[in-house]
Amino acid sequence: MKKAALIFKLLVTTMIVLVFMMKNTATAQEKPKPWPVPEAEKVKKSTVKLSDATVIASGKELWMKHCKSCHGSKGLGDGAKSATLKTLAGDFSTADFQKLSDGEIFYKMSKGRDEMPVYEKKIPEASDRWAVVAFMRTLKK
């Protein structure tokens, strides 16, 4: 009987510690700070047709290679690396995100900041980055 009570106490203690750790991990990520985009970049237009199926397919391929690990395959911010980030990876399916102009998305992806890499170095062709924007437009709820 003493052994069972000890095992029970150990299990309860372990569960409490795990819940506390999960709570602290979830709150450790900071909400994104404002990310201003220059006016000239907000109105920038794509050099590719964003509604073209071939462009979207190309963007999806680049997404799966470069973006999925943090942002997830559906852009929900739930990629495998997202839990290790200091900031939230973002949910690109939201209306707030989808309200951003194409130029704003292109600028933020190209320039990066903090944990977000500079994709104009990783994906040097602007047309390829525009293709990723085209794919991101398909990530609506």
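Please treat every number below as a calculation from the coordinates, not as lab data. Since the model is a prediction, treat every value here as computed from it, not as a measurement. Quick reminder, even Gly has a Cβ in these numbers, built from the backbone with ideal geometry, and neighbours come from all protein chains shown.
Computed from point charges on the beta carbon alone (+1 for Lys and Arg, -1 for Asp and Glu), the dipole magnitude for segment 32-136 about its Cα centre is near 160 Debye.
Measuring between alpha carbons in the structure, the pairs from Lys44/Lys111; Lys42/Lys74; Lys74/Lys99; Lys44/Lys140; Lys81/Lys141; Lys33/Lys60 lying more than 19 angstrom apart are Lys42/Lys74; Lys44/Lys140; Lys81/Lys141; Lys33/Lys60.
Amide H contacts under 5 Å for Thr87: Glu30, restricted to partners 5 or more places along the chain or on a different chain, H placed in the peptide plane at 1.01 Å from N.
Starting from the Kirkwood radius over alpha-carbon pairs of segment 23-141, derive D by Stokes-Einstein at 37 °C in a medium of 0.692 mPa s and give it in µm² s⁻¹.
226 µm²/s
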